[in-house]
Structure formats: structure tokens, C-alpha cells
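Everything below concerns the one structure shown next.
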Amino acid sequence: MNSALNRLRTLSDGVNQAVTIVCIACILGMLAISFIGFLYTLFTDQALSWTYSLARLFLPWIGLLSSTVALRSGEHVAMTLLMRALPKSLVRVAAIACLIILAGFALALIWYGWEFFSNARQSYMVSAHIQISYKWTTIAVPLTGAIMLIHLCHGFTLLEHFTGHETAIEEALAGDSRETTS
């Protein structure tokens, strides 16, 4: 079991590195396309109609995939003040609830995202000659959910930023000796 969990964590780390590279590539692609449109306008006093429309197609990928990188890094939205205000016995309950909610959200992204992807029949008209299927952007939704589920194998380490260096989550899991001796 521990070996399988370690392999899953290694997979999660590899996926996180790949997603980071894809996000950087999307940002660079979006900037390059926008810059081409800018240079074309600067030199010809005419606009390329397709550059900004094409560049916008990278936004769903950047937004959704970067959320998985943020989750893995512990940079997601956190209720730090609430977690620090809770008694240590409730920190564990709150951390477990947070992981369950994250798993539910990831499953919803997969479930509804796959339906969204499957029903995407239209094409995005970038220009008269460039058409891109909506499937290009809609597949990012279930993919994001799947990556989030993979990252959940790290468990409480995704949530350590709630309490800083002295993690109340670890103390709550190990059992606080001060509460039992008093």
C-alpha cells in the first residue's frame, strides 16, 4: 500500500511538472500570437483579425491547469485565520472536510466537464479560414479534475500552509499530549 502511494505521489509530482511546462508554453504561445498581431498592426496599420481571438483560446487552459499547480503547491484559497482560531481537535476535522470537498469538486469537474466536452459540437471561428473545435477548450475541465484527484494523494501536506511551520494538522493526527495529560 505504501509503495503504491509513493508511486502515486511520484506520478503527481511528474504531472505537476508537466502541467507547469504546459502552462508556461500556453502563456508564451498567447504572448507570441498577441505580439505578432501587435507587430503586424505596427508595420502595416492594419489588424490581423485572428491573433487576439486565437490567443484567447489559451486562457481556459492557463486558468484551469494553473489551479492544479496552485493546489499542489498549497497556494490555493485557504482559510488560514479560521484554521488558526480552531482548537487543535477541530483542525483535523476541518482538514479532512477540506480534502473531501476538494475530492468532490474534482469529481464534479470530471463528471460535468466530460459531459461539457462530449456535447461540444461547435467550432470557434477565429477567422474565415481558422476554425477550432470547442473541444479544444472544453477538455481542460475534466483534465483539471483528474489532475486534482491525482494530487489528493498527498493528503494533509496539501493543507499544511493553513498553520505555518508548526503544523497543527500533524499535531492533531499524532494526538496532542498536552490535551490528554491535563
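The values are calculated or read from the model by the stated rules, or taken from the named source; none is laboratory data. Remember, it's a predicted structure, so these values are computed and weren't measured experimentally. We place every Cβ from the backbone using ideal geometry, glycine too, and count neighbours over all the protein chains shown.
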* Number of the condition not met by V91 [criteria: (1) surrounded by fewer than 20 Cβ atoms within 10 Å (Cβ to Cβ); (2) farther than 28 Å from C26 by Cα; (3) in contact (Cβ under 8 Å) with a residue 60 or more places away in the chain] -> (1)
* Asked: F58 versus (1) touching a residue at least 24 places away in the same chain (Cβ under 8 Å); (2) of a type in the set (A, V, I, L, M, F, W, C); (3) out of contact with any Cys (no Cβ under 9 Å at 6 or more places or on another chain): which is the lone unmet condition?
  -> (3)
* Subset of the stretch 139-156 [over 12 Å from the mean Cα position of the chain (by Cα) and either farther than 21 Å from A97 by Cβ or without any contact (Cβ under 8 Å) to a residue 24 or more places away in the chain (or both)] -> I139
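In the stretch 77-87, how many residues are surrounded by 16 or more Cβ atoms within 10 Å (Cβ to Cβ) and either modelled with pLDDT of 85 or more or assigned to a loop (DSSP other than H, G, I, E, B) (or both)?
Within the stretch 77-87, residues that are surrounded by 16 or more Cβ atoms within 10 Å (Cβ to Cβ) and either modelled with pLDDT of 85 or more or assigned to a loop (DSSP other than H, G, I, E, B) (or both) number 1.
Being of a type in the set (G, A, S) and at pLDDT 90 or above is the filter here; which residues of the stretch 88-114 pass it? Show your work before the answer.
Residues of the stretch 88-114 that are of a type in the set (G, A, S), as a first pass: 89, 94-95, 97, 103-104, 106, 108, 113.
Correct list: A103, G104, A106, A108, G113.
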* Residue that is farthest from I150 (Cα to Cα), among those in the stretch 1-46 that are in contact (Cβ under 8 Å) with a residue 40 or more places away in the chain and among the hydroxyl-bearing types (S, T, Y) -> T20
* To do: Taking R56 as the residue in question, decide whether it is of a type in the set (K, R), over 26 Å from S12 (Cα atoms) and surrounded by fewer than 13 Cβ atoms within 10 Å (Cβ to Cβ).
  => no
* Consider A97 carefully, then state whether it is without any contact (Cβ under 8 Å) to a residue 24 or more places away in the chain and either under 25 Å from S12 (Cα atoms) or surrounded by 14 or more Cβ atoms within 10 Å (Cβ to Cβ) (or both). => yes
* Tabulated pairs, the stretch 102-125, first more than 15 Å from L149 (Cα to Cα), second among the β-branched types (V, I, T), C-beta under 7 angstrom, 6+ apart or interchain -> F116/T138; F116/V141; F117/T138; F117/I139; F117/V141; A120/T138; S123/I132; Y124/I132
* Asked: Is it fair to say W136 is part of a helix (DSSP H, G or I), without any contact (Cβ under 8 Å) to a residue 40 or more places away in the chain and out of contact with any helix residue (DSSP H, G or I) (no Cβ under 6 Å at 6 or more places or on another chain)?
  -> no
